[in-house]
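Enquirer: Take a look at this one; I'll ask things after.
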Amino acid sequence: SNVINTAVSIFDKDYNFLCSNLGESMSSYCKTVRSNQSLKVACYDCDRVACQKCQQLGEGFSYKCHANIYETITPVLIEDTIVGYIIFGQYRQEDDFNQIYDFAVKHGIEPNKFVADYKNLVVLTKTQVKSIKNIVKACILSYYLEDAVLLNKADLAEKIKNHIRSN
């Protein structure tokens with residue numbers, strides 16, 4: 001999150017929210033959206049639908065959320081099994097200020113401030129998003145391998161103890 005300057009959320013394999021840094025890094029744009037209860041519910045629905053689609057595809061993808069900004073989801077895979085999902089987002093790619101303005105008006109949000117908040121969102125190119133997805137995969141793999149090495153060390157120590165006891 002610190003590197004890409006966007007929010008990061010983690011979900012389990014059943015699409016249940018586990019943790020996020022949204023409190024620290026939620027954009028003003030998203031704070032405004034989530035101040036409306038029905039739009040806040042739509043945010044949760046958007047995350048759930050993204051997790052379901054990611055499970056069906058078996059790979060990550062980027063999408064435009066209900067509030068017209070981009071997020072990217074990537075599966076957390078352990079030995080080809082999805083054990084969770086990571087979503088990073090609240091970024092923009094192409095600008096359609098009329099669409100943002102119309103969304104604000106439709107939902108009773110002050111449109112000029114909303115467009116200004118949209119302009120303050122981090123801009124990520126498709127190449128940057130692809131790189132971020134690769135970094136996330138590398139972090140997951142590193143964590144998994146580190147855990148596997150620790151488990152193997154524990155197994156080896158236990159085998160040595162058992163051998164000593166037996167002999």
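Enquirer: Within the set of pairs 6 or more residues apart or between chains, which connect a residue that is at positive phi inside segment 23-46 to a residue that is at pLDDT 95 or above and acidic (Asp, Glu) with Cβ atoms less than 8 Å apart?
Expert: Listed pairs, sorted by first residue: none to list.
Enquirer: Return the total of residues in segment 86-140 being of a type outside the set (Lys, Arg), free of Cβ contacts under 8 Å to residues at least 60 places away in the same chain and more than 17 Å from Val8 (Cβ to Cβ).
Expert: Going through segment 86-140 one residue at a time, the tally reaches 21.
Enquirer: In segment 60-119, how many residues are surrounded by 14 or more Cβ atoms within 10 Å (Cβ to Cβ), within 23 Å of Tyr143 (Cα to Cα), touching a strand residue (DSSP E or B) at 6+ places or on another chain (Cβ under 6 Å) and among the hydrophobic types (A, V, I, L, M, F, W, C)?
Expert: Total satisfying the criteria: 6.
Enquirer: With respect to Ser1, determine if the residue is part of a loop (DSSP other than H, G, I, E, B), within 14 Å of the chain's Cα centre (by Cα) and surrounded by 12 or more Cβ atoms within 10 Å (Cβ to Cβ).
Expert: Here the answer is yes, as Ser1 does meet what is asked.
Enquirer: Residue by residue through segment 24-49, note down the ones that are farther than 19 Å from Ile73 by Cα and at pLDDT below 90.
Expert: Of everything in segment 24-49, just one residue is farther than 19 Å from Ile73 by Cα and at pLDDT below 90, namely Glu24.
Enquirer: Consider Ile160 carefully, then state whether it is under 28 Å from Ile87 (Cβ atoms) and either modelled with pLDDT under 75 or surrounded by 10 or more Cβ atoms within 10 Å (Cβ to Cβ) (or both).
Expert: No, not satisfied.
Enquirer: Run down Lys31, Lys13 and say which single residue is open to solvent by 60 Å² or more (accessible area, probe 1.4 Å) and under 25 Å from His107 (Cβ atoms).
Expert: Only one candidate qualifies: Lys31.
Enquirer: With the structure loaded, tell me whether Lys40 is basic (Lys, Arg) and either in contact with a helix residue (DSSP H, G or I) (Cβ under 8 Å, 6 or more places away or on another chain) or open to solvent by less than 20 Å² (accessible area, probe 1.4 Å) (or both) or whether it fails that test.
Expert: It is true that Lys40 is basic (Lys, Arg) and either in contact with a helix residue (DSSP H, G or I) (Cβ under 8 Å, 6 or more places away or on another chain) or open to solvent by less than 20 Å² (accessible area, probe 1.4 Å) (or both).
The values are calculated or read from the model by the stated rules, or taken from the named source; none is laboratory data. Because the structure is a prediction, the values reported are computed rather than measured. All Cβ positions, glycine included, derive from the backbone under ideal geometry; neighbour counts span all protein chains shown. Ligands, DNA and RNA are stripped out before the accessible areas are found, and what is left, the full protein with its side chains, is counted by its heavy atoms. Shrake-Rupley method; radii C 1.70, N 1.55, O 1.52, S 1.80 Å.
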